[in-house]
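No value in this document is a laboratory result; all are computed from the given coordinates. Fair warning: this is a prediction, and the values are worked out from it, not measured in the lab. All Cβ positions, glycine included, derive from the backbone under ideal geometry; neighbour counts span all protein chains shown.
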Amino acid sequence: MGRVGQPQRRAVLTGGLMATAALLTGCSSKTDSATTERTAAAGPAVKTPSPAAGARPDSPWAAFARLMEGNERWLDGKLRHPDRDPRRREFVADEQDPFGVILSCIDSRVPPELLFDTGLGDLFVMRTGGQVVEPVVTGSVEYGPLTSGTPLIVVLGHQRCGAVKAAYEAMRDGKELPGNLQAISEALRPAYEAAVEEKAADPVDAMIRIHVKQTSAGLRSNKSLAPLVKKGDLAVVSAYYSLDSGQVEVLTGAPSA
């Protein structure tokens, strides 16, 4: 990273890791904190600061605070729509440097960029049914922290999750879901068993919350991510989004200032 204050640990990442990750994802990490603009006289390129809403957060707390401030604006209807203009598009066209990773559900009512009021190049976003993780998804979550020093991961469940409800009802009734939906159901089985044992009044909602906690705990103890968490360079947060209010509730893992 070319930014002042970027963690020194990024410099020790091997070129092989960077090249492989870039080939797998078709994208690259930002290595220069400025974009170039031509002068009116078509002279040498002049570097100008990013038109972003603020400096890129480099600590877990700063990244977490940026997200939660965005959610407050979403709640209040005072959206800034940062990082969504042509200058920002040009700035991130060659390289990127997102400050957060969001693993959320495919639900059309839960778009992370909107409910956190972020913009182009601000977040790595993975969306799967019921925010289920498998090796490829886990690798996608790891990409930001391991190659870009992204300091925050948020596993975001949400109210009335259809994937979790379908899995709960199928397991409760001893049935299988059609096609590859059954794979989602099986991945949710640990959360289902814990929800049944809990005997909550709303077992589906309990299952949603349990699952995001379990998923974030698994990522926190992941052999690749755990050293970053231990050093304080990375936080893995579990959270729950209310479709009714628009509020993000933090469940576990909120970083300290």
Of the residues VAL212, ALA170, ALA187, the Cα lying farthest along the dipole of region 158-217 towards its positive end, which is defined by charges on the beta carbon of Lys, Arg, Asp and Glu, belongs to VAL212
J(HN,Hα) series, region 211-228, from Karplus relation 6.51 cos²θ - 1.76 cosθ + 1.60, nearest Hz, glycine and proline x
5, 5, 5, 5, 5, 5, 5, x, 5, 5, 9, 3, 4, 7, 8, 3, x, 5
Quick one: putting +1 on the C-beta of Lys and Arg, -1 on the C-beta of Asp and Glu, what dipole do you get for region 127-229 around its Cα centre, in Debye to the nearest 20?
240 debye
Please identify every one of the GluC sites (Glu not before Pro) in region 134-210 that sits in a loop by DSSP and has no more than 14 other beta carbons within 10 Å of its own beta carbon.
GLU176
Where q = 0.20, 0.24, 0.26 Å⁻¹, what log10 of I(q)/I(0) comes from the Debye formula for region 200-256, counting one point per Cα?
-0.77, -0.95, -1.03
The orientation-averaged projected area of the Cα convex hull of region 100-257, in nm², is 9.8 nm²
Could you check the spin-label model distance between ARG189 and GLU69? Points 7 Å from the Cα along Cα→Cβ, value in nm.
4.5 nm
So, in nm, how far is label ALA257 from label ALA201 when the simple model puts each one 7 Å beyond its Cα toward the Cβ?
3.5 nm
For a bin width of 5 Å, list the pair-distance distribution of region 139-186 built from all Cα-Cα distances, rounded to whole %.
5, 17, 19, 13, 12, 13, 12, 6, 2
Sum of side-chain charges, LYS223 neighbourhood, beta-carbon under 12 Å (Lys, Arg +1; Asp, Glu -1)
+1
